[in-house]
1. Would you mind finding the one in D275, D323, D258, D262 that is among the charged types (D, E, K, R) and within 14 Å of the ligand (Cβ to nearest atom)?
2. Filter segment 302-336 down to the residues that are at negative phi and without any contact (Cβ under 8 Å) to a residue 24 or more places away in the chain and list them by number.
3. Quick one: count up the residues across segment 52-71 that are crowded, with 17+ Cβ neighbours inside 10 Å and part of a helix (DSSP H, G or I).
4. Can you run down the residue pairs with Cβ atoms below 7 Å, 6 or more apart or on separate chains, where the first is in segment 274-294 and of a type in the set (S, T, N, Q) and the partner is assigned to a loop (DSSP other than H, G, I, E, B)?
5. Tell me the residue from S176, S183 that is outside any helix (DSSP H, G or I), at negative phi and either away from the ligand (no atom under 14 Å from the Cβ) or crowded, with 22+ Cβ neighbours inside 10 Å (or both), please.
6. May I ask you to list the residues in segment 72-87 that are assigned to a loop (DSSP other than H, G, I, E, B) and under 17 Å from I410 (Cα atoms)?
Amino acid sequence: MILHESFGINEKGRLTIDGLDAVELADQFGTPSMFISEDKVRKMCRMYKSAFAEYFGGASSPIYAGKALCFKRLYEVMKEEEFLADCVSSGEIETARAAGYPMENIFFHGNNKTDEDLKRAVKYGVGHIVVDGVEELLALEDICAAEGRIQKILLRITPGIDPHTHKKIITGNVDSKFGSAISTGQAEAIVRLALTMKRLDLSGFHCHVGSQIFDIDPFRDAADIMLKFIFDMEKNTGFEAKILNLGGGFGVRYTEDDPKIDYRDNIRRLGEEIDKMCASLGVNKPSIMMEPGRSVVAAAGATLYTAGSVKEIPGFRNYVSIDGGMTDNPRYTLYQSQYTVLNATRTTDRADWECTVGGRCCESGDLIAEGIKIAKPKRGDIIAVLVTGAYNYSMASNYNRVPRPPVVMISKGKPYVAVRRETYDDIISLDE
Ligand SMILES: Cc1ncc(COP(=O)(O)O)c(C=O)c1O
């Protein structure tokens, strides 16, 4: 096993993904290609569902954050697993709909949903709309009146927690484009306003504190603040929240330097803390929701590339360039996110060639990793980047008119194309 159960090494000294030889997969599907273990995704879904039922109880449930990875087949899997989903755009809702995913299982997020987004969500019967601010609340009330619908909503609240994670992925602080802050009084004001809306049925509150969180502390702090807020709202307005959604953010091990994480045990400990808080505040425990994205899909994924130019600059550094890069994985360029990179063709050779892995875009920042050690590649070797299931394909672009790779899913040892490779015709098809 390398990092996660989906990755291993076979007798030929090659990387395996769900037991399949990575070099053979690259031959069969071409490179770059992204591979997702369907079995691993399903396993994570089942783990989350059973842990929530056991430790949060009642109608508590995890919700898959589709922004991490979103395409039709994945929503079919989520439907089969009876897993709720969080969508952040009409595009994600349309994808879920095309997969036959039940609209009532969707929580619709976003800090700036357009009227068109809201109309579509109401018309399709999206289960909950997570209202981000006052204008959206008023617009949604009007839309529901016009459609003759009652819409269930949550209000997005900013509890003001710094989860000590990377700045660009912190979203729970008060100075945020998301939600209404408790400390400024805006959260209470929007609750009062929501309770006057005839067409909107307030179910509870949502918050999100950040991403790549390995311990329960930021979630416990958020729950503490949010449960006190629930207590205050009950006292001040008589409204009793039925749902407390604590957002996403459980961490994922990308490299050996990241800690191991026991999700189930974190949920158990968080559940105990929440029970204690509810008892000491004297509030009825709401259903607890969380929105894991990264931790459901990241470790199920790997991307395979072919090595092209292998360049040594004496006194400086070594580069290996691959046939993908920031167009299929912009996370190093955006956040200097660390990955485990291997020469999948020679996994058992000594990994002693220090290098920078460069993409193929005309952009010096187009890198996947720097200062890593792999077995020195030859042109044509297969380079693997592990743990790419989250925020890679969903963030992919056509910069430099580079086609997006296919997504190949592996189910019970059988690979199949879930999203085909983009063609050059696809790329120019929008041009008039
Ligand atoms: C509101 C919300 N929910 C859920 C998530 C998913 O977080 P993660 O993929 O880290 O679990 C995010 C990510 O930014 C988010 O903003």
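1. D258
2. K311, E312, I313, P314, F316
3. 5
4. Correct list of pairs: N284/E240; S287/G58; S287/A59; S287/S60; S287/K242.
5. S183
6. E81
Condition check ((1) at pLDDT below 95; (2) under 28 Å from the mean Cα position of the chain (by Cα); (3) on the phi > 0 side of the Ramachandran plot) across all residues:
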{"position": "P159", "(1), (2), (3)": "yes, yes, no"}
{"position": "T171", "(1), (2), (3)": "yes, yes, no"}
{"position": "A189", "(1), (2), (3)": "no, no, no"}
{"position": "T196", "(1), (2), (3)": "no, no, no"}
{"position": "D224", "(1), (2), (3)": "no, yes, no"}
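A quick yes/no check of all residues on (1) touching a strand residue (DSSP E or B) at 6+ places or on another chain (Cβ under 6 Å); (2) surrounded by fewer than 21 Cβ atoms within 10 Å (Cβ to Cβ):
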{"site": "D328", "(1), (2)": "no, no"}
{"site": "T340", "(1), (2)": "yes, no"}
{"site": "A344", "(1), (2)": "yes, no"}
{"site": "T347", "(1), (2)": "yes, no"}
{"site": "V357", "(1), (2)": "yes, no"}
{"site": "K373", "(1), (2)": "yes, yes"}
{"site": "P403", "(1), (2)": "no, yes"}
{"site": "R420", "(1), (2)": "no, yes"}
{"site": "Y424", "(1), (2)": "no, yes"}
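The values are calculated or read from the model by the stated rules, or taken from the named source; none is laboratory data. Worth saying up front: this structure is predicted, and the values here are computed from it rather than measured. Every residue, glycine among them, receives a Cβ derived from its backbone with ideal geometry; neighbour counts consider all protein chains shown.
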